[in-house]
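Derivation of every value follows stated rules applied to the coordinates shown; laboratory data play no part. These numbers come from a predicted model, not from an experiment. Methodologically, a virtual Cβ is constructed for each residue, glycine included, from the backbone with ideal geometry; neighbour enumeration extends over all protein chains shown.
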């Protein structure tokens, strides 16, 4: 599941799990069950990045009982590799 956190305090929304869903001014949480990936576009505001980190932490604590791992991704080119290695067969990001 891919969750977008758009800029300017707009609410988080679930978006299609595809690279075409990513925008430069938003931050994202990619939920792979036991691993949560956080990625922010190069034009994302620090507040938007912090909202994504907070959402991932809330999912980890409330939905996963504190057992999930949060990974912060700094490179958009790593996202397809993350999808192939972690969420194969569950989500598709291509």
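Counting neighbouring beta carbons within 10 Å and listing from fewest to most, the residues 14, 51 come out as 14, 51.
Highest mean packing first, where packing is the average number of other Cβ atoms within 10 Å per residue, the peptides 61-67, 42-48 line up as 42-48, 61-67.
Please work out how much length the chain gains when fully extended from residue 57 to residue 18, using 0.36 nm per residue of separation minus the C-alpha to C-alpha distance, in nm with one decimal.
The residue 57-residue 18 span can extend by a further 11.8 nm.
Normalising by the residue count of region 2-79, find the relative contact order in percent from Cα pairs under 8 Å and 6+ residues apart.
That works out to 27 percent.
Let a ≥ b ≥ c be the square roots of the eigenvalues of the Cα gyration tensor of region 4-44; is it rounded (a/c under 1.5), or, if not, prolate (a/b larger than b/c) or oblate? Present the calculation step by step, with values, prior to reporting the outcome.
Values: a/c = 1.63, a/b = 1.51, b/c = 1.08.
It comes out prolate by the Cα gyration axes.
If the segment from residue 46 to residue 67 were pulled out straight at 0.36 nm per residue, it would be longer than the present Cα-Cα gap by 4.9 nm.
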